[in-house]
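**Q** Input: one structure, supplied below.
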Amino acid sequence: MDLSQEFWDNRYQSNDIGWDLGVVSPPLKAYFDQLINKELKILIPGGGNSYDAEYLFNKGFKNIFVVDLSKTALDNLKARAPDFPSSNLILNNFFDLNMTFDLIIEQTFFCAIDPSLRSDYAKKASEILNSKGNVSGLLFDAVLNTTHPPFGGSKTEYLGYFKPFFEIKIMDEAYNSIKPRAGRELFFIIQKKG
């Protein structure tokens, strides 16, 4: 399975990005709207066109970082939000990051990586979070594809990956998903143990 930098950049160049809503998803928008601390250091891994980062930036959050393998996707964000700091757009692999954050926003990245890396994702997320840091966002709660992203899964499966490293604050069906994803998304907040 080819999930290389070239693979992802080609998907963005050819606009083969069916997961891309073109706006921040309603569950994440509702979550962002209740965040108070605008000093939070936030990471959006596999952020793609990153409407989430743009939304947060426009709300006054200035410490937002997006990491993606696609230069095209990062360029798309910069074109829409020219004042977004270029130094916070990281062309790299999430697993190679060597920074720490207060909050990781999950939206379509977890389901885009090879499922064999899911335990590694949980471990890496805990390593790059500050004490009591959170991972928050959405996970697909559905059987999807087995040979290419997006890869689905279930709450039971996800708990197995996250429980060794995180306290599960919430992991329930999202009540405000877009219609095509209704009943197929989990909204979750997990907090780093220790």
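The values are calculated or read from the model by the stated rules, or taken from the named source; none is laboratory data. Quick caveat: nothing in here was measured; it's all calculated off a predicted structure. Please note: Cβ atoms are built from the backbone with ideal geometry, for glycine as well, and neighbour counts cover all protein chains shown.
**Q** Quick check on N76: is it surrounded by 22 or more Cβ atoms within 10 Å (Cβ to Cβ) and of a type in the set (S, T, N, Q)?
**A** Details: surrounded by 22 or more Cβ atoms within 10 Å (Cβ to Cβ): no; of a type in the set (S, T, N, Q): yes.
It is false that N76 is surrounded by 22 or more Cβ atoms within 10 Å (Cβ to Cβ) and of a type in the set (S, T, N, Q).
**Q** Could you please find all residues in the range 107-137 being more than 15 Å from K169 (Cα to Cα) and of a type in the set (D, E, K, R)?
**A** Within the range 107-137, D114, R118, D120, K123, K124, E127 meet the criteria.
**Q** Further question on the same structure: For the range 152-167, enumerate the residues that are farther than 15 Å from I104 by Cβ and either part of a loop (DSSP other than H, G, I, E, B) or touching a Phe, Trp or Tyr at 6+ places or on another chain (Cβ under 8 Å) (or both).
**A** Those that are farther than 15 Å from I104 by Cβ and either part of a loop (DSSP other than H, G, I, E, B) or touching a Phe, Trp or Tyr at 6+ places or on another chain (Cβ under 8 Å) (or both): G152, G153, S154, K163, P164.
**Q** Taking the criterion of being acidic (D, E), surrounded by fewer than 14 Cβ atoms within 10 Å (Cβ to Cβ), modelled with pLDDT of 95 or more and closer than 17 Å to F65 by Cβ, would at least one residue in the range 98-108 satisfy it? Walk me through it before giving the result.
**A** Step one: of the range 98-108, the residues acidic (D, E) are 102, 106.
Narrowing the set further to residues that are surrounded by fewer than 14 Cβ atoms within 10 Å (Cβ to Cβ) leaves none.
Scanning the range 98-108, I find no residue that is acidic (D, E), surrounded by fewer than 14 Cβ atoms within 10 Å (Cβ to Cβ), modelled with pLDDT of 95 or more and closer than 17 Å to F65 by Cβ, so the answer is no.
**Q** Looking at the range 142-180, which of its residues are surrounded by 15 or more Cβ atoms within 10 Å (Cβ to Cβ), more than 17 Å from D114 (Cβ to Cβ) and touching a residue at least 60 places away in the same chain (Cβ under 8 Å)?
**A** Listed by number, the residues that qualify are A174, S177.
**Q** I want to confirm something. Restricting to the range 161-194 and keeping residues that are among the aromatic types (F, W, Y) and over 16 Å from K124 (Cα atoms), which single residue is modelled with the lowest pLDDT? Spell out the reasoning first.
**A** Quick first cut of the range 161-194, residues among the aromatic types (F, W, Y) only: 161-162, 165-166, 175, 187-188.
From the residues that got through so far, the ones that are over 16 Å from K124 (Cα atoms) too are 175, 187-188.
Numbers: Y175: 91, F187: 97, F188: 97.
Among residues in the range 161-194 that are among the aromatic types (F, W, Y) and over 16 Å from K124 (Cα atoms), the one modelled with the lowest pLDDT is Y175.
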